[in-house]
Amino acid sequence: MVDLKRATYYDERKRIANKIDKYADIKLIIKEIAEKGKWMGNYTYGYRRILPLLQEAGYHMAEATLRRLMSELGVQPAMYNRRKNDHYSSYKGTIGKVAQNLLNQTFDTTIPYTVLHTGVSQIRLGNSTWAYMSIILDQATKEVLAASISQSPNKLLISDTLKQLEDKLPEGVNPIIHSDQGWHYQLDYYREKIDSLGLIQNMSRKGNYLDNAPMESFSHLLKIESLPKIRSCKDIAEFTCLFRKYINWYNNDRISNKTKNMSPVDFRTHALAT
């Protein structure tokens, strides 16, 4: 046992009791920002999104420090393990016309309705059945312009997505629409429909997932941020309801560094006004 003088002992106890957490104020700000980024009870903002918001508020710190504080606060977003059977491949060889790859991984446009990305992905529900999602995404704003759900990756799924896009596109635009070489996108009905909408077809190279990075990124985000709820979906109807809510939140509330810490809809409004 260490022999301390009585005065020294109480001085030390007082020092420990009065010890101030120098990060106390900033922790409150971090917590507030993280709370704003919650979706269905889950934290979604990682340190890359929180850091610039802290800097805007006048707080500057190293990434490692922020990550440590987020860990202490328990506000880190969930991680998603990409299992092989979660990836849907619609490639069945060349069964129609394969379009050129005009983009060649040039994903830097900042003008809305210039480049669109589309794709089909799958996810396993809580009842072990599959749901298929067809999405059309604006490259510049990251906004989901059209989204359909089905129990089968069929023609109707793609047609419904294109119908939604038709209702969303403003007059006078002729964007590139990029996809993989999936069988849906090689068939006449698809090519004729996008041609009638004034879209320019673009396709990735066979087996090159980097050519489809924007769609892969969105699919990954959906699974990270909604997986606990998806696993509780008992049927396609429940998942469709959840999916619609997610798209609404994603488009209108979810901020991103890629859109200057604005939601996709706010960034579109900002981009079209400048």
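The values are calculated or read from the model by the stated rules, or taken from the named source; none is laboratory data. No experiment lies behind these values; they were computed from the predicted model shown. All Cβ positions, even for glycine, are placed from backbone atoms using ideal geometry, and neighbour counts span all protein chains on display.
Mind checking whether some residue in segment 159-173 is touching a helix residue (DSSP H, G or I) at 6+ places or on another chain (Cβ under 8 Å), assigned by TED's automatic domain parsing to the domain that holds S256 and not in a strand (DSSP E or B)? Break it down into steps so the answer makes sense when it comes.
Just the residues of segment 159-173 that are touching a helix residue (DSSP H, G or I) at 6+ places or on another chain (Cβ under 8 Å), to begin with: 159, 162.
If we keep only those that are assigned by TED's automatic domain parsing to the domain that holds S256 too, we end up with 159, 162.
Next, from what is left, pick out any that are not in a strand (DSSP E or B): 159, 162.
Yes, there is a match, as at least one residue in segment 159-173 is touching a helix residue (DSSP H, G or I) at 6+ places or on another chain (Cβ under 8 Å), assigned by TED's automatic domain parsing to the domain that holds S256 and not in a strand (DSSP E or B).
Kindly establish whether A78 is at pLDDT below 95, among the hydrophobic types (A, V, I, L, M, F, W, C) and over 19 Å from I176 (Cβ atoms). Break it down stepwise before answering.
Working: at pLDDT below 95: yes; among the hydrophobic types (A, V, I, L, M, F, W, C): yes; over 19 Å from I176 (Cβ atoms): yes.
Yes: the conditions hold for A78.
Would you mind stating whether R205 is in contact with an Asp or Glu (Cβ under 7 Å, 6 or more places away or on another chain), at pLDDT 90 or above, farther than 25 Å from W130 by Cα and not aromatic (F, W, Y)?
No: the conditions fail for R205.
Limited to segment 107-154, what total is found for residues that are free of Cβ contacts under 8 Å to residues at least 12 places away in the same chain and either of a type outside the set (S, T, Y) or in a strand (DSSP E or B) (or both)?
Initial filter on segment 107-154 (free of Cβ contacts under 8 Å to residues at least 12 places away in the same chain): 108, 128, 154.
With the extra rule that they be either of a type outside the set (S, T, Y) or in a strand (DSSP E or B) (or both), the set shrinks to 108, 154.
Selection size over segment 107-154: 2.
Anything in segment 26-58 that is surrounded by 10 or more Cβ atoms within 10 Å (Cβ to Cβ) and among the acidic types (D, E)? List them, or say none.
Step one: list which residues in segment 26-58 are surrounded by 10 or more Cβ atoms within 10 Å (Cβ to Cβ), which gives 26-40, 42-55, 57.
Result: E32, E35.
Condition check: modelled with pLDDT of 75 or more and more than 21 Å from the chain's Cα centre (by Cα). Does N101 satisfy that?
Numbers: modelled with pLDDT of 75 or more: no; more than 21 Å from the chain's Cα centre (by Cα): yes.
So N101 fails the test.
How many of the residues in segment 19-63 are assigned to a loop (DSSP other than H, G, I, E, B), of a type outside the set (K, R) and either out of contact with any Leu (no Cβ under 8 Å at 6 or more places or on another chain) or under 30 Å from F243 (Cα atoms) (or both)? Show your work before the answer.
Of all residues in segment 19-63, those assigned to a loop (DSSP other than H, G, I, E, B) come to 19-23, 37-38, 40-41, 43-46, 57-62.
Those left that are additionally of a type outside the set (K, R): 20-21, 23, 37, 40-41, 43-46, 57-62.
In the following step, the residues that additionally are either out of contact with any Leu (no Cβ under 8 Å at 6 or more places or on another chain) or under 30 Å from F243 (Cα atoms) (or both) were identified as 20-21, 37, 40-41, 43-46, 57-59, 62.
Matching residues across segment 19-63 total 13.
What do you reckon, is Y185 in contact with a helix residue (DSSP H, G or I) (Cβ under 9 Å, 6 or more places away or on another chain), within 25 Å of T110 (Cβ to Cβ) and modelled with pLDDT under 90?
Values: in contact with a helix residue (DSSP H, G or I) (Cβ under 9 Å, 6 or more places away or on another chain): yes; within 25 Å of T110 (Cβ to Cβ): no; modelled with pLDDT under 90: yes.
Against the criterion (in contact with a helix residue (DSSP H, G or I) (Cβ under 9 Å, 6 or more places away or on another chain), within 25 Å of T110 (Cβ to Cβ) and modelled with pLDDT under 90), Y185 does not qualify.
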